[in-house]
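Chemist: This is the structure I have questions about; it appears just below.
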Amino acid sequence: MVSRRVKDLEYAIRDIAVVANQVKESGKEVFHLNIGDPVIYDFKTPEYISQALAEATFAGQNYYVDSLGVPELRSEVCKYERKKNNIDITSEDILITSGVTEGIFFLLAGFLEDGDEILVPGPTYPVYFNYANFFDGISVEYELDEDNHWEPNIEDIREKINNKTKAILISSPNNPTGTLYSKKKVKQIINLAGEYDIPVISDEIYDQIVFEKQYTCPATLSSDVPIIGLNGFSKAHLATGWRMGYIYYYDPEGRLTELKNGIEKMARARLCANSIAQFAAIEALRNPGPHTEQMVQKLRSRRDYSYKRLRQIEGLQCVNADGAFYLFPEIDLKEFPKWDNDKDFTIDLLKETGVCGVYGSGFGEHGKNHIRLTFLPNEETLKEVYNRIETFLS
Ligand SMILES: Cc1ncc(COP(=O)(O)O)c(C=O)c1O
């Protein structure tokens with residue numbers, strides 16, 4: 001009745017929401033720490049950007065736009081990326097997509113077939129392995145080492161590269177760990193990619209949401225290795241529902257031309273990304289407001305509070321987040337023999353306390369025995385959440 005492609009799709013972040021709804025229907029309050037969407041908490045889309053969206057529709061800009069993106073937006077994105085990261089790209093290197101998610105879909109469609117491989121971090125954002133699988137490819141997890149602040153294990157990457165490897169994916173700050181790759185490790189990955197003549201894909205959706213440490217853009221460290229960057233307006237500009245993102249190609253030696261042309265064909269086949277959101281995105285880039293900085297400040301104190309509480313709970317161990325809005329504590333299942341695995345733990349926690357996290361195994365093999373908790377809610381809610389987790393575990 002239904003294809004393997006569709007049958008095999010799994011997305012723990014949304015799957016757990018089904019259990020949460022059942023809990024809610026039973027009359028219990030649910031605390032949503034499962035979804036990485038700031039806009040459903042007290043982070044609102046800046047008014048001047050919403051205004052630009054409204055003006056675009058009233059001005060009649062409700063038509064199909066260029067499949068590669070509105071030219072002014074491609075030009076603004078190019079300027080923005082050049083300024084932010086000092087990289088040599090032109091507007092021709094920009095493709096506007098319906099969120100980073102569509103960018104990942106396009107790239108994996110363009111790279112993979114029949115058992116081709118892509119190296120992704122482990123633990124990892126599930127969309128990478130879902131789409132790899134969807135296109136008959138294989139996502140191979142390279143280790144992020146929890147004992148070393150979840151830094152990528154370079155030797156593990158080297159061992160996993162073979163003649164089927166099409167790209168290495170970097171995701172920093174990482175979802176679900178919230179940690180940044182250090183500059184040294186990013187450089188080592190680029191060197192390795194250069195050695196084996198494979199491109200690097202860099203998911204930069206959280207690049208503006210970092211706390212104490214400095215973010216390193218991979219393209220700034222590469223002289224000749226092609227880097228494909230993915231970014232968008234969901235998180236830094238608080239417009240998750242608008243589905244607005246882009247791909248940029250940093251390709252100093254023109255090695256991605258065939259891939260780029262193929263992806264442009266796919267973009268034409270889907271007509272275009274949302275027109276009015278593109279006009280609003282132009283405004284967001286031309287007039288950067290204080291919203292990202294204000295969000296980061298608020299998030300930092302929520303991260304501090306959540307981390308402090310987590311550290312005090314026996315049986316949970318947590319690496320602190322450098323950015324994004326996730327903490328990913330390890331559950332000591334020897335301490336808690338009541339639960340066989342992280343999924344049972346997470347579902348039980350939800351049913352007993354109403355606290356909804358995402359089970360770590362939903363982020364791949366390396367996510368086992370963990371739970372992902374966002375620190376997006378306000379401190380009062382977080383206090384209630386951690387009180388409940390504490391009581392549940394004692
Ligand atoms: C690492 C990562 N990439 C991409 C996305 C999705 O981005 P977009 O809303 O632009 O599709 C998310 C959303 O949570 C994410 O965590």
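Chemist: Hey, could you check the stretch 89-105 for residues that are near the ligand (Cβ under 10 Å from one of its atoms) and among the small types (Gly, Ala, Ser) and say which is farthest from the chain's Cα centre (by Cα)?
Modeler: Residues of the stretch 89-105 near the ligand (Cβ under 10 Å from one of its atoms): 97-105.
Imposing the further condition that a residue be among the small types (Gly, Ala, Ser) reduces the set to 98-99, 103.
On the way: Ser98: 14, Gly99: 11, Gly103: 12 Å.
Checked the stretch 89-105; the qualifying residue farthest from the chain's Cα centre (by Cα) is Ser98.
Chemist: Let me ask something additional. Using the structure shown, decide if Leu169 is in contact with a strand residue (DSSP E or B) (Cβ under 6 Å, 6 or more places away or on another chain) and within 15 Å of the ligand (Cβ to nearest atom). Let's see the steps before the verdict.
Modeler: Numbers: in contact with a strand residue (DSSP E or B) (Cβ under 6 Å, 6 or more places away or on another chain): yes; within 15 Å of the ligand (Cβ to nearest atom): yes.
Yes: the conditions hold for Leu169.
Chemist: Another question, then. For Ser234, all conditions in the list (1) within 21 Å of the chain's Cα centre (by Cα); (2) among the polar types (S, T, N, Q); (3) at pLDDT below 95 hold save one; what is the number of the exception?
Modeler: Condition (3) is where Ser234 drops out.
Chemist: Also, I was wondering about something else. Give the stretch 129-157 a look and list any residue that's under 23 Å from Thr220 (Cβ atoms) and in contact with a helix residue (DSSP H, G or I) (Cβ under 7 Å, 6 or more places away or on another chain), or say none.
Modeler: Selection gives Tyr142, Leu144, Glu151, Pro152, Ile154, Ile157.
Chemist: Within the set of pairs 6 or more residues apart or between chains, which connect a residue that is surrounded by 12 or more Cβ atoms within 10 Å (Cβ to Cβ) inside the stretch 17-28 to a residue that is part of a helix (DSSP H, G or I) with Cβ atoms less than 7 Å apart?
Modeler: Val19/Ile347; Val19/Leu350; Ala20/Leu350; Val23/Leu350; Val23/Lys351
Chemist: Based on this model, can you work out whether Leu95 counts as touching a residue at least 40 places away in the same chain (Cβ under 8 Å) and either outside any loop (DSSP other than H, G, I, E, B) or within 28 Å of Ile276 (Cα to Cα) (or both)? Show your work before the answer.
Modeler: On the way: touching a residue at least 40 places away in the same chain (Cβ under 8 Å): yes; either outside any loop (DSSP other than H, G, I, E, B) or within 28 Å of Ile276 (Cα to Cα) (or both): yes.
Answer is yes for this residue.
Chemist: Considering Phe392, Phe345, which residue is closer than 25 Å to Leu144 by Cβ and among the aromatic types (Phe, Trp, Tyr)? Before the answer, list the steps.
Modeler: Details: Phe392 fails: closer than 25 Å to Leu144 by Cβ.
So the residue among Phe392, Phe345 that is closer than 25 Å to Leu144 by Cβ and among the aromatic types (Phe, Trp, Tyr) is Phe345.
Chemist: Here is a follow-up. Among the residues of the stretch 126-166, what is the count of those that are under 22 Å from Pro329 (Cβ atoms) and either β-branched (Val, Ile, Thr) or within 12 Å of the ligand (Cβ to nearest atom) (or both)?
Modeler: So the count comes out to 1.
Chemist: Out of (1) in contact (Cβ under 8 Å) with a residue 60 or more places away in the chain; (2) of a type in the set (Ser, Thr, Tyr); (3) buried (at least 22 other Cβ atoms within 10 Å of the Cβ), what's the single condition that is false for Tyr142?
Modeler: (1)
So that you can scan it fast, the table gives a plain yes or no per residue for (1) more than 27 Å from Tyr307 (Cβ to Cβ); (2) modelled with pLDDT of 95 or more; (3) of a type outside the set (Val, Ile, Thr):
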site	(1), (2), (3)
Thr179	no, yes, no
Asn191	yes, yes, yes
Ser202	no, yes, yes
Val210	no, yes, no
Cys217	no, yes, yes
Ile227	yes, yes, no
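Chemist: May I pose another question? Considering only the stretch 32-74, state which residues are touching a strand residue (DSSP E or B) at 6+ places or on another chain (Cβ under 8 Å) and outside the structural domain of Ile389 (by TED's automatic domain parsing). I'd like the intermediate steps shown before the answer.
Modeler: Within the stretch 32-74, the subset touching a strand residue (DSSP E or B) at 6+ places or on another chain (Cβ under 8 Å) is 32-36, 40, 68-70, 73-74.
Of everything in the stretch 32-74, those that are touching a strand residue (DSSP E or B) at 6+ places or on another chain (Cβ under 8 Å) and outside the structural domain of Ile389 (by TED's automatic domain parsing) turn out to be Leu68, Gly69, Val70, Leu73, Arg74.
Chemist: Quick check: is even one residue across the stretch 298-309 closer than 18 Å to Val39 by Cβ, of a type outside the set (Val, Ile, Thr) and either in contact with a strand residue (DSSP E or B) (Cβ under 8 Å, 6 or more places away or on another chain) or not in a helix (DSSP H, G or I) (or both)?
Modeler: Of all residues in the stretch 298-309, those closer than 18 Å to Val39 by Cβ come to 298-299, 302.
Going one step further and asking which of them are of a type outside the set (Val, Ile, Thr), we end up with 298-299, 302.
The next check asks that each one be either in contact with a strand residue (DSSP E or B) (Cβ under 8 Å, 6 or more places away or on another chain) or not in a helix (DSSP H, G or I) (or both); those that pass are none.
No: zero hits.
Chemist: Could I ask something else about it? Considering each residue of the stretch 46-66, count those that are in contact with a helix residue (DSSP H, G or I) (Cβ under 6 Å, 6 or more places away or on another chain) and farther than 27 Å from Glu92 by Cβ, and give that number.
Modeler: 2
Chemist: I would also like to ask the following. Give the number of residues within the stretch 284-331 that are touching a His at 6+ places or on another chain (Cβ under 8 Å), closer than 15 Å to His237 by Cβ and within 16 Å of the ligand (Cβ to nearest atom). First the steps, then the outcome.
Modeler: Initially, the stretch 284-331 is screened for residues touching a His at 6+ places or on another chain (Cβ under 8 Å), giving 284, 291-292, 319, 328-331.
Still in the list and also closer than 15 Å to His237 by Cβ: 284, 291-292.
If we keep only those that are within 16 Å of the ligand (Cβ to nearest atom) too, we end up with 284, 292.
Going through the stretch 284-331 one residue at a time, the tally reaches 2.
Chemist: I want to confirm something. Restricting to the stretch 189-215 and keeping residues that are more than 16 Å from the ligand (Cβ to nearest atom) and surrounded by 18 or more Cβ atoms within 10 Å (Cβ to Cβ), which single residue is farthest from Glu92 (Cα to Cα)? If you could, list the steps in order and put the result at the bottom.
Modeler: Here is the first cut: in the stretch 189-215, the residues more than 16 Å from the ligand (Cβ to nearest atom) are 189-199, 211-214.
Still in the list and also surrounded by 18 or more Cβ atoms within 10 Å (Cβ to Cβ): 189-190, 192-193, 198-199, 211.
On the way: Ile189: 26, Ile190: 23, Leu192: 27, Ala193: 24, Ile198: 22, Pro199: 19, Phe211: 33 Å.
Checking each candidate, the answer is Phe211.
Chemist: Same structure, new question: Say we look at the stretch 227-246 and pick out the residues that are near the ligand (Cβ under 7 Å from one of its atoms) and polar (S, T, N, Q); which of these is surrounded by the most Cβ atoms within 10 Å (Cβ to Cβ)?
Modeler: Ser234
The values are calculated or read from the model by the stated rules, or taken from the named source; none is laboratory data. The shown structure was predicted, so the numbers you read here are calculated from the model rather than taken from an experiment. All Cβ positions, glycine included, derive from the backbone under ideal geometry; neighbour counts span all protein chains shown.
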